[in-house]
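For reference, the structure is listed below as structure tokens.
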Amino acid sequence: METSTWKTKAGLAQMLKGGVIMDVVTPEQARIAEEAGAVAVMALERVPADIRKHGGVARMSDPEMILGIIEAVTIPVMAKARIGHFVEAQVLEALGVDYIDESEVLTPADEDNHINKHKFKVPFVCGCRNLGEALRRISEGAAMIRTKGEAGTGNVVEAVRHARQLHADIRRIQSLDEDELFVVAKQLQAPYELVLQVRELGKLPVVNFAAGGIATPADAALMMQLGVEGVFVGSGIFKSGNPAQRAKAIVEATTHYQDPKIIAEVSQGLGEAMVGINISDIPEGELLASRGW
Amino acid sequence: MTVGVLALQGAFIEHEQLLRRLGQDVVQVRLPQQLSGIDRLIIPGGESTTIGKLMVAYNLLEPIRERARQEMPIWGTCAGMILLAKEITEGRPAGQPALALMDITARRNAFGRQLDSFEADVPVAEVGVEPFPAVFIRAPLIEKVRGDTRVLGTLTDGRIVAARQGRLLATAFHPELSGDDRLHRYFLDM
């Protein structure tokens, strides 16, 4: 009997597929998310929209708050650590969270190195904008990937960009001669073995969700039709007019993403969606997706 | 023969791929009308609360129960096993929707949290001498079997992780992740 094997780490992400992971800041929100059908919750102190608004340094959440959320629900609980902040990750592992998100939404703690995720028993999810970034994170030990999008905007355009880029990169590798993969690995700054694996599988070797800007049931279904395996919804739920109903609608649209009639049905009467931000209105230094490399 | 895989949420594609390697026709089931073309059904791993709610929202519980009464074989893995169980312990306080078909008591998250997820070799005599390489992820456990339910597999300490009652099969682990197709072939012969 062996605990925390690669199969159990990557396997938990496989069990989350086709589902919605929701950002929550209180046990009460966590219960609403579970009741709406979330497959997991992401415990954090402020949703990305508020981090964006209030500025300052965004850190790992208060352990007491995370424990309160773990106590409140039976579904898996994830929490965010700053990029490169391996002690925050150690703390989250000690608290017993089920997954750690090494996240660009928080202020990076190391501008060169990400966390060496192989050293941990708890699995990690990391963000990416393209194949090279995804494979670098996997080589560091990430057991799940999410395309970054632009968190806290309620604007799905960056999530679409990153998912399309990732899949275009994968298709390109598949079209190449195997003699050309050595150079491709160099260009991608990714290990050759992982490049080879992606070529054989036609997908990442771990589960990939979409994140960053999903605010409506149609947004979630759009990302699913673009080929991601599930979605993270951050500010989009609890910054909207009717969180419980919107959360349930996004869950149903993610399951029935190929069925426009159902998406139309669940999209009715949801009240106000979160107010979105145009990416071009965000000063370049405040773009979260450019954190991490 | 066509095998349905409940595709509301979870690791349904892994089951589908394994079944296709065995030469089976597979249909993803998300709506009640998709049940009519299938001869057996697999309920995959995933989040049992999510899958249960979606089964209620899309009116799948009663049609699946009806097919079970007509002796259609059904196999639940992990979350799917919880949904088959007549009794669930450690469920959500308010109770969670389930098919409640099989005379077992399932305990959710019986081994603890993700940090306690593990791999173990489980002897399942009915599928062969070699123990089955089993992956347990935030796994449930069968606390009790009743009626004519038979225990098919236990951990070394005796805790029950696989059982069968008539044409219902339940495993607490994920045969779709281990690359061993013996339990899938066993299910196809049920």
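Tabulated data for the structure shown
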| quantity | calculated |
| --- | --- |
| Residue within the stretch A:237-257 that is modelled with pLDDT of 95 or more, within 20 Å of residue A:165 (Cβ to Cβ) and not hydrophobic (A, V, I, L, M, F, W, C) present | no |
| Selection within the stretch B:122-156 - open to solvent by 50 Å² or more (accessible area, probe 1.4 Å), more than 14 Å from every other protein chain (Cβ to nearest Cβ) and out of contact with any Ser or Thr (no Cβ under 6 Å at 6 or more places or on another chain) | B:125, B:126, B:129, B:130, B:146, B:147, B:148, B:150, B:151 |
| Qualifying positions in the stretch A:88-108 - part of a loop (DSSP other than H, G, I, E, B) and under 19 Å from the mean Cα position of the chain (by Cα) | A:97, A:98, A:104, A:105, A:106, A:107, A:108 |
| Positions within the stretch B:27-42 being open to solvent by 20 Å² or more (accessible area, probe 1.4 Å) and either closer than 22 Å to residue A:11 by Cα or among the β-branched types (Val, Ile, Thr) (or both), in sequence order | B:27, B:28 |
| Tally, over the stretch B:34-63, of residues that are among the acidic types (Asp, Glu) and within 11 Å of another protein chain (Cβ to nearest Cβ) | 1 |
| Every pair of residues 6+ apart whose Cβ atoms lie under 9 Å, when the first sits in the stretch A:141-152 and is free of Cβ contacts under 8 Å to residues at least 60 places away in the same chain while the second is part of a loop (DSSP other than H, G, I, E, B) and among the β-branched types (Val, Ile, Thr) | A:141/A:115 |
| Options B:40, B:113, B:65: the member that is over 16 Å from the mean Cα position of the chain (by Cα) and among the basic types (Lys, Arg) | B:113 |
| Selected residue [surrounded by 16 or more Cβ atoms within 10 Å (Cβ to Cβ) and either touching a residue at least 60 places away in the same chain (Cβ under 8 Å) or within 14 Å of chain A (Cβ to nearest Cβ) (or both)] from B:159, B:107, B:164 | B:107 |
| Residues being away from chain B (no Cβ under 14 Å), of a type outside the set (S, T, N, Q) and part of a loop (DSSP other than H, G, I, E, B) - total across the stretch A:34-87 | 14 |
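The values are calculated or read from the model by the stated rules, or taken from the named source; none is laboratory data. Computed from a predicted structure; not experimentally measured. Every residue, glycine as well, gets a Cβ built from its backbone with ideal geometry; the counts of neighbours run over all protein chains shown. Only protein heavy atoms, including side chains, enter the accessible area calculation; ligands, DNA and RNA are left aside. Shrake-Rupley method; radii C 1.70, N 1.55, O 1.52, S 1.80 Å.
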